[in-house]
1. Given the convex hull over the Cα atoms of the stretch 11-175, what projected area results after averaging over all orientations, in nm²?
2. When the solvent-accessible surface of protein heavy atoms is calculated with a 1.4 angstrom probe, in what order do 124, 167, 19 fall, highest first?
3. Which whole-number percent is the relative contact order of the stretch 182-257 (Cα, under 8 Å, 6+ apart)?
4. Which percent, nearest 5, of DSSP beta bridges in the stretch 251-352 are antiparallel?
5. Within the set of other residues whose C-beta is less than 14 Å from the C-beta of residue 311, count the net charge using Lys and Arg as +1 and Asp and Glu as -1.
6. When each pair of different Cα atoms in the chain is counted once in the 1/r mean, what is the Kirkwood radius in angstroms, to one decimal?
7. So between residue 248 and residue 382, what do we pick up on full extension, going 0.36 nm a residue minus the alpha carbon distance?
8. Given a 1.4 Å probe and every protein chain left where it sits, what share in percent of the accessible area of the chain is carbon and sulfur?
Amino acid sequence: MAEHGPRVAGPGDRARLRILLEVIKAMSAETDFERLLQLIMEETTRAMEADRSTLFLVDHERGELWSRIALGLKERKEIRFKSHLGIAGHVATTGEPLNIPEAYEDPRFNQEVDRQTGYRTRTILCMPVRNKAGSIVGALQVLNKRAGVFTPADEEMLDALASQAAIALENAKLYEDLRKAYEELKQLDAMKGNFLANISHELRTPLAPIIGYVEMLLSARPGPLTDRQRSHLQVVEQAVQRLQGLIEDLLAFVQMEQGELLLQTRPFAIAALLEERARVLTPRATEKGLTVEVAVPSGLPDVQVDPKQISRALMLLLDNAIKFTPPGGRIALGAKAHVAPDDAPPGWPHGYVEVSLSDTGIGIPADKIPRIFEKFYQVDASTTRSYGGTGLGLALVKQIMEAHGTRLAVESTPGVGSTFRLRLPIAHPYA
Ligand SMILES: Nc1ncnc2c1ncn2[C@@H]1O[C@H](COP(=O)(O)OP(=O)(O)O)[C@@H](O)[C@H]1O
Ligand SMILES: [Mg+2]
């Protein structure tokens, strides 16, 4: 290799290569733009065995070069000058590096800076800094080599440092942009959360008198109803109840997401709830030609849960089972106690009850399973048009389960059916 290169690699080169690698590592680790500027200058001074370094950046809008930190000056300050001035200006304009052995003999050198700072510049080496696209974005300048003048080997070294600085600067800029975009998104998300919370409160208010008056009319206290009137009112009642359920779910979702919904857990008989949920849904299932089976063993222990939230989660899962199972299908609800099993999670010393909901529905493709718990996600948005749905159901179920410190497991085969399983902690026997 050495025969082909212009110079013979010696021990000095190896040492410089090591320094260069260190600098590259340090630069690529820094993602804060301001700190990176400082780091580039410090590391360049060290690697170049010079007295000070300055990284000038091009401000295209103002036609200026600027630098934030003048290393070695007592105070850090921003320097700015017209981009064609001085050695750095020349390099940034022409794109040619400059190696100047005696600054005061070069007419392009601006002696004014030395006069202002009380510094005495002797040797200067200055390299253009180019971005990936090849445009000049700045100039990296080192002053006063500790010993002698800057050599061609120094030029190569500074060139390598300048390329590396350009990459690091671009990365830091990208990172900063990403961080800003992320902050904005987070703000937007919080605004959306507030909006949803407000709107669901607002929607809930007018529903109360509608339900109240429909129920009053149905009670026939204001006057007798014909059968037709009664059946029409019952349709209204069901629709309003459905609307109310949707709004309650929406509100619960927003509250969960904003961490505002605190669970109120107590020992609770889950078996009765399963039977009751199945009973409530059976008319709707029968209407669609589905059968609902409940297989709950007797003597199931109480579980430590928030009954309202678990009831909500079961409703949402059953609603999906009915929605995604074609006529003729079957929905099965089951429960099984695992009393203090060997693999009992540390938080559940008494074991758990596993509740399962199976359907013989359309199933979920394996690659879509992780996504169905995302808010608003639906495998096939066209079913929403025929059956309704917001894509919030499973996201809410997942949040409810997480709030209980447990998870939801799914097995599904497209065209065969799906099973959802939830584990609920068994309550303390003496609680
Ligand atoms: N039992 C199920 N069988 C088949 N697909 C299901 C089942 N439950 C949920 N999914 C899929 O997961 C998606 C998300 O469910 P969910 O969050 O409840 O939203 P929604 O019911 O409003 O569509 C559904 O749109 C559907 O694609
Ligand atoms: Mg749903």
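1. 9.3
2. Accessible-area ranking of 124, 167, 19, largest first: 167, 19, 124.
3. In percent, rounded to a whole number, it is 47.
4. If I count the DSSP bridges inside the stretch 251-352, around 50 percent turn out antiparallel.
5. -1
6. 28.4
7. Residue separation times 0.36 nm, minus the Cα-Cα distance, leaves 45.8 nm.
8. Its accessible area is 56 percent carbon and sulfur atoms.
The values are calculated or read from the model by the stated rules, or taken from the named source; none is laboratory data. Predicted model only: the values in this text are computed from it and were never measured. Note that we place each Cβ from the backbone using ideal geometry, even for glycine, and neighbour counts take in every protein chain shown. When the accessible area is computed, the model is the full protein with side chains, heavy atoms only, and any ligands, DNA or RNA have been set aside. Shrake-Rupley method; radii C 1.70, N 1.55, O 1.52, S 1.80 Å.
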